[in-house]
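The next block holds one structure in the form of structure tokens; read it before the comments.
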Amino acid sequence: MRPAPCARPWTAPWYPRPMTEPRFSFAGIPVRGRLILAPMDGYSSWPFRSLCRDLGSSLSYTEFVRTGDVLERPEFLEDKLVFREEERPVLIQVYGNDPRDMLEAALRLQEREPDAIDINLGCPTSSIAGRGAGVGLMRTPLLTARIFRTLAGRLSVPVTAKIRLGWEDCRKYLLIARIIEENGGQLLAVHARTKEQRHHGPPDLEALAEIKDSLTIPVIGNGGIQTTADIREMLRVSGCDGVMIGRGAVRNPWIFSWLDRDEIPPEQVLDVIREHLGRSQDFYGPKRGLILFRKHAARYLEPYQLPASRRRHLLTRTDPEQFLTLVEETLKQVPDSPFLSSNSPG
Ligand SMILES: Cc1cc2nc3c(=O)[nH]c(=O)nc-3n(C[C@H](O)[C@H](O)[C@H](O)COP(=O)(O)O)c2cc1C
């Protein structure tokens with residue numbers, strides 16, 4: 001199945017995507033940058049993903065989908081799986097633990113013509129990990145080997161993986177990383193925390209370095225990046241080929257242009273809010289698009305520490321024009337706003 005056509009022109013005149021030389025490649029696919037938006041269920045669907053790509057993220061991972069859903073109710077997955085030609089390279093991520101079902105699901109996902117199929121070995125949620133999928137797979141090396149061997153042998157697109165460091169009582173990251181490579185995995189993203197750490201605590205950069213040193217396929221480091229200094233530190237210590245950014249990018253998608261959040265003037269924030277909301281409404285429809293955008297708006301406005309009542313008022317608007325007017329008024333009032341200085345007398 002072909003990706004759906006894009007309603008909104010891709011190359012937004014407001015922010016041309018920088019053209020860069022490939023920084024690394026996997027399975028012969030060039031990756032034109034070191035920074036990559038992390039797959040995040042509920043966040044990294046097309047509107048936010050495409051925005052981050054315009055700002056400099058160099059790969060697109062879809063939100064994960066369950067093998068059972070791919071096989072039994074694919075019609076519910078459309079929003080998660082749609083991508084645009086201009087986003088390539090695109091990796092569709094799937095989780096499961098039954099080699100036969102995973103192969104069947106991956107073959108169906110392959111019909112959508114992604115650049116790779118990515119296997120999730122990182123999800124810590126008990127309903128997934130407890131059933132042996134996600135990070136649960138990191139406890140079963142033989143099964144992991146079989147899954148990768150099976151998929152790599154049958155798919156015509158590359159197979160890649162995203163892992164964690166394992167479980168506190170079973171930090172098998174080196175073994176699992178090697179198994180993935182030996183059984184045909186072509187790219188490895190590593191969330192440098194254990195299952196029990198979930199999304200908290202500093203990433204283990206030394207463990208990332210160990211993995212990078214013991215593999216020949218490219219390795220992407222992930223975990224805890226909030227600033228450009230964090231990116232530099234992860235690259236320096238680990239030697240990873242790329243850095244994947246999750247929650248830090250929801251707060252600051254400009255990080256993909258190597259900019260910290262405090263470097264972004266309010267009028268640029270407004271620009272991105274307009275663009276992001278527009279893409280969300282194009283993708284989900286006017287009403288749902290605004291509702292699904294609210295959680296992003298809350299993150300964009302977080303640094304301004306708005307009074308709770310104003311924040312609530314703003315984030316409960318149902319009329320997009322009214323919402324944007326309120327955002328604009330709010331951003332005009334924040335200190336250091338260029339709106340204020342350009343309007344101020346003299
Ligand atoms: C809301 C949310 C949803 C996530 N969904 C996925 C997912 O679908 N697939 C995946 O591999 N990781 C998922 N993750 C994990 C992120 O990709 C990433 O590994 C994690 O957030 C650590 O990176 P960070 O510290 O930069 O946020 C999710 C994380 C969050 C917070």
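The values are calculated or read from the model by the stated rules, or taken from the named source; none is laboratory data. Just so we're clear, the structure is a prediction, and the values are computed from it rather than from any experiment. Note that we place each Cβ from the backbone using ideal geometry, even for glycine, and neighbour counts take in every protein chain shown. Surface areas here come from the heavy atoms of the whole protein model, side chains and all, with no ligands, DNA or RNA. Shrake-Rupley method; radii C 1.70, N 1.55, O 1.52, S 1.80 Å.
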message = Within 10 Å, at most 13 other Cβ atoms, and a DSSP state outside H, G, I, E, B define an exposed site. Report the longest part of the chain free of exposed GluC sites (Glu not before Pro).
response = 169-346
Between helix 141-154 and the chain: long-axis angle, C-alpha atoms, 0 to 90°, nearest 10 = 80 degrees
query = From the Cα gyration tensor of region 258-319, with a ≥ b ≥ c the square roots of its eigenvalues, which class applies: rounded if a/c is under 1.5, or else prolate if a/b is larger than b/c, or else oblate?
reply = oblate
inquiry  = Given a 1.4 angstrom probe, I'd like the percentage of the accessible area of region 24-261 that is carbon and sulfur, rounded to a whole number.
reply    = 47 percent
query = What is the pair-distance distribution P(r) of region 180-286, computed from all Cα-Cα distances in 5 Å bins starting at 0, with each bin given as a whole percent?
reply = 2, 11, 18, 17, 15, 13, 11, 8, 4, 1
ask   = Which value, in debye to the nearest 20, describes the size of the charge dipole of region 177-330 about its Cα centre when Lys and Arg Cβ atoms bear +1, Asp and Glu Cβ atoms bear -1, and nothing else is charged?
value = 780 debye
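Show me the trypsin sites (Lys or Arg not before Pro) within region 142-246 that DSSP assigns to loop and that have at most 15 other Cβ atoms within 10 Å of their Cβ.
Passing both the DSSP loop test and the Cβ count: Arg198.
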task = Specify the angular offset, from 0 to 90 degrees and rounded to the nearest 10, of the alpha carbon long axis of helix 99-110 from the longest principal axis of the alpha carbons in the chain.
result = 50 degrees
key: DSSP-defined beta bridges in the chain - what % are antiparallel, rounded to 5   = 15 percent
remark   = In degrees, nearest 10, the alpha-carbon axis of helix 205-214 is tilted away from the dominant principal axis of the alpha carbons of the chain by 40 degrees
For Val327, solvent-accessible area (1.4 Å; no DNA, RNA or ligand), Å² = 0 Å²
note = Kirkwood radius from Cα pairs of region 210-257 plugged into Stokes-Einstein at 37 °C, 0.692 mPa s, gives D in µm²/s equal to 295 µm²/s
message = Under 22 Å between alpha carbons: how many lysine pairs meet that in the chain, if sequence neighbours fewer than 8 apart on the same chain are excluded?
response = 11
key: C-alpha center-to-center spacing [region 309-332, region 209-239] in angstrom   = 39 Å
